[in-house]
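Here's the structure, in structure tokens; my notes come after.
The values are calculated or read from the model by the stated rules, or taken from the named source; none is laboratory data. Values in this document were obtained by computation on a predicted structure and should not be read as measured data. A quick note on method: Cβ atoms are made from the backbone with ideal geometry, for glycine too, and the neighbour counts reach across all protein chains shown. Calculation scope for accessible area: heavy atoms of the full protein, side chains included, ligands and nucleic acids excluded. Shrake-Rupley method; radii C 1.70, N 1.55, O 1.52, S 1.80 Å.
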Amino acid sequence: MNQFTNSLQGIWTSFVAFLPNLLGAILLVVLAWVIASLVKKGVTKGLHAMNFDKKLMKWGVANTVDDGSRMIESIGLILYYLIWLFFIPGILAQIGLSSIAIPITNMFDGFLAFLPKLFAAALILAIGYFVAKFVKELVQNLLETINIDRFLNKYIQKNRSLTEKTALECE
């Protein structure tokens with residue numbers, strides 16, 4: 001009987017020792033659910049308020065307003081699950097299953113390491129756009145200054161008369 005009592009006491013002690021971790025995991029689950037639900041609702045209502053579904057239709061991304069609404073709902077759902085993905089490693093680590101969360105953590109590390117490269121690419125693209133716009137204006141002003149239209153019109157008229165002559169000679 002003493003051995004049975006000792007094993008029950010050991011189980012109770014283990015449970016009491018695990019209880020703070022379990023409560024922390026439950027708190028993280030509730031917090032993740034609240035934040036994910038608020039973000040999903042806020043994004044979908046905000047995009048609907050901005051008539052983003054009509055803009056999606058105007059841009060040709062959606063065929064109808066209903067398609068645009070479904071896309072907005074999908075964006076909200078993606079953000080909902082993305083927030084859950086941010087909380088899952090913490091929840092699993094809280095209950096002692098951090099080895100299961102390692103692949104998710106590694107995925108986030110890879111994604112976060114990619115962000116500076118993405119921002120650098122966007123910056124290079126923006127700089128390239130403005131440089132191209134500047135060069136376009138420069139070339140356009142240069143060609144207008146040397147009156148290239150007049151030279152091109154003379155060249156086109158000269159070629160037209162030559163092609164008409166050769167067409168008449170061939171007949």
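Data for the structure
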| read-out | value |
| --- | --- |
| Listed residues 148, 72, 78 arranged by accessible area, highest first, probe 1.4 Å | 78, 148, 72 |
| Residue 54 accessible area, 1.4 Å probe, all protein chains in place, Å² to nearest 10 | 110 Å² |
| Within region 39-81: Cβ-based charge dipole about Cα centre, in debye rounded to nearest 20 (Lys, Arg +1; Asp, Glu -1) | 160 debye |
| Helix 98-145 axis, angle to the chain major axis (alpha carbon atoms, nearest 10°) | 20 degrees |
| With DNA, RNA and ligands ignored, accessible area of residue 100 (1.4 Å probe; Å², nearest 10) | 100 Å² |
| Accessible surface, 1.4 Å probe, highest first, among residues 47, 27, 22 | 27, 22, 47 |
| Top positive-direction residue, dipole computed over the chain with Cβ charges, set 30, 15, 145 | 145 |
| Three-way shape label, the chain, alpha-carbon gyration tensor, a/c 1.5 | prolate |
| Heavy atoms of residue 81: accessible area, 1.4 Å probe, square angstrom to 10 | 130 Å² |
